[in-house]
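Working notes for the structure below.
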Amino acid sequence: MRGLVFAVLSIFLLAGCGGDKGKFIIQNTSTKGLEETTVALKKALQNQDFEVLDTIEHKKIADENKITIQPQKVITFTEPKVASTLIACNPTMGMEVPFKIVVWQSYEGKVSVEYINPEYWSLTHNIKDKNCLNLIDKTTIAIKKAVDNSLK
């Protein structure tokens, strides 16, 4: 019985609630190359008042360890007041800060830009305060706008 409940919950979490709004991971495809997409995304994030903190190059790390992976970069970014307020809503939000977007290239050369839908933070971290939920909504819109602008 426990296995069945776990399986149903897992399917729900992985599949989302349907439609783009219910997706756990937001997926986008870029028509640009990996480097150009990464540069455009960093600029677009800064234009949305986010501070880009770091770019982690997983391929470089994998190569150093003699592991073959496709090119992948994780851009970490924040907006300090937003991040601190969300952490004040629930300290476990510290697991989401800094925010992250992965830019990766498939074996076929397709470049994807993906991130966890911030709307799930309210579920994952049991946030119910209206002000905190409003801040999550605003952050969701700002991240989506930055990603959309970087893909143009």
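The values are calculated or read from the model by the stated rules, or taken from the named source; none is laboratory data. Keep in mind that this is a model prediction, so the values were computed, not measured. Every residue, glycine as well, gets a Cβ built from its backbone with ideal geometry; the counts of neighbours run over all protein chains shown.
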When every residue in the stretch 131-152 that is aliphatic (A, V, I, L, M) and in contact (Cβ under 8 Å) with a residue 24 or more places away in the chain is compared, the one surrounded by the fewest Cβ atoms within 10 Å (Cβ to Cβ) is Leu151
Scanning the stretch 78-91 for residues that are farther than 21 Å from Leu41 by Cβ and either out of contact with any helix residue (DSSP H, G or I) (no Cβ under 9 Å at 6 or more places or on another chain) or surrounded by 14 or more Cβ atoms within 10 Å (Cβ to Cβ) (or both) gives Lys81, Ser84, Thr85, Leu86, Ile87, Cys89, Asn90, Pro91
query = Does Lys59 meet the test of being farther than 15 Å from Val147 by Cα, modelled with pLDDT of 95 or more and basic (Lys, Arg)?
reply = no
For the stretch 54-70 the number of residues that are touching a residue at least 12 places away in the same chain (Cβ under 8 Å) and exposed (fewer than 13 other Cβ atoms within 10 Å of the Cβ) is 1
Counting only residues in the stretch 114-152 that are more than 18 Å from Lys81 (Cα to Cα) and β-branched (Val, Ile, Thr), the one nearest to the chain's Cα centre (by Cα) is identified as Ile116
In the stretch 43-53, residues that are in contact (Cβ under 8 Å) with a residue 60 or more places away in the chain and either over 14 Å from Tyr115 (Cβ atoms) or not in a helix (DSSP H, G or I) (or both) total 5
For Ser106, the lone unmet condition from (1) closer than 14 Å to Asn28 by Cβ; (2) within 16 Å of the chain's Cα centre (by Cα) is (2)
Note: among Ile101, Ile116, Ile127, Ile75, just one is surrounded by 13 or more Cβ atoms within 10 Å (Cβ to Cβ) and more than 20 Å from Ile26 (Cα to Cα), namely Ile127
Qualifying residue in the stretch 69-86 (condition: in a loop (DSSP other than H, G, I, E, B), among the basic types (Lys, Arg) and at pLDDT 95 or above): no
Taking the conditions exactly as written (out of contact with any Ser or Thr (no Cβ under 9 Å at 6 or more places or on another chain) and at pLDDT below 95), does Lys152 satisfy them or not?
yes
Pairing a residue in the stretch 82-98 that is more than 15 Å from Asn117 (Cα to Cα) with any residue that is among the charged types (D, E, K, R) and not in a helix (DSSP H, G or I), where Cβ atoms lie under 7 Å and the two sit 6 or more apart in sequence or on different chains, gives Cys89/Asp129
Going through (1) surrounded by 15 or more Cβ atoms within 10 Å (Cβ to Cβ); (2) modelled with pLDDT under 95; (3) of a type in the set (Ser, Thr, Tyr) one by one, Ser10 fails only at (1)
